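Here the structure is laid out as structure tokens; the discussion comes afterwards.
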Amino acid sequence: MNRENVILTELKGGGYRLTQARKAIIQVLCEARAPLGAPDIIVLMASIGTSVNKTTVYRELEFLKGQGLVAEVLVGDGLRRYELMPEGHHHHHLVCNECSAVECVEVESCVGEDVRQIDHIEKTSDFKVTDHSLKFFGLCARCRL
Ligand SMILES: [Zn+2]
Ligand SMILES: [Zn+2]
Ligand SMILES: [Zn+2]
């Protein structure tokens, strides 16, 4: 079963309604190769035959976030982007300084996953770390042409 079907089955099992909009947004997020902003999501949903307004998209995103299925990606340009909650490989984001394009990149090891480092941070700062995010800034392939 692919991720899309797993999610749909899970929601159905939880007693949630699978409206056309809900199914379409899940399909769009499952097919996305990078985090998407709401305007992109609306365009992509329309391209698969489901026209929705901003309110509906945000309501669905909030719902999916509440279900732990979608994560918000903030890169500092003020646009909220969304992606399926990553599973398996740990990943971070690449952000283009020119066009603000965001890409996902898998990493093999990460300071944020290193128990000794986290331990050190918590001890020296008296802060309980629950998550981290790491962004690499630079130029995407298109902007280097
Ligand atoms: Zn770029
Ligand atoms: Zn990502
Ligand atoms: Zn990390």
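Report, in whole Å, the centroid distance computed from the Cα atoms of segment 86-144 and segment 2-36.
Using only Cα atoms to place each centre, the spacing works out to 26 Å.
May I ask you to sort 82, 16 by Cβ crowding, counting other Cβ atoms within 10 Å and putting the fewest first?
16, 82
For segment 88-145, what log10 I(q)/I(0) values come out of the Debye formula at q = 0.15 1/Å, with one point per alpha carbon and no solvent?
So the normalised log intensities work out to -0.57.
If you look for lysine pairs in the chain that are eight or more places apart or on different chains, how many of them have Cα atoms under 22 Å apart?
Taking the chain as the scope, the lysine pair count is 6.
Restricting attention to the alpha-carbon atoms of segment 23-90, what are Rg (one decimal) and Dmax (integer), both in Å?
11.4, 33
Give the order of 91, 120 when sorted by the count of other beta carbons within 10 angstrom, beginning with the fewest.
With the fewest neighbours first, 91, 120 line up as 120, 91.
How many Å³ per residue does the convex hull of the Cα positions in the chain occupy?
157 Å³
Measure nothing but the geometry: give the 0 to 90° angle between the long axis through the Cα atoms of 20-31 and the longest principal axis through the Cα atoms of the chain, rounded to 10°.
The angle comes out near 40 degrees.
Taking the mean number of other Cβ atoms within 10 Å as a proxy for protection, how do you rank 23-30, 127-134, 2-9 from highest to lowest?
23-30, 2-9, 127-134
Read the figures in this text as sums done on the coordinates, not as results from a lab. These figures come from a predicted structure and were not determined experimentally. Glycine also receives a Cβ, built like all others from the backbone with ideal geometry; neighbour counts cover every protein chain displayed.
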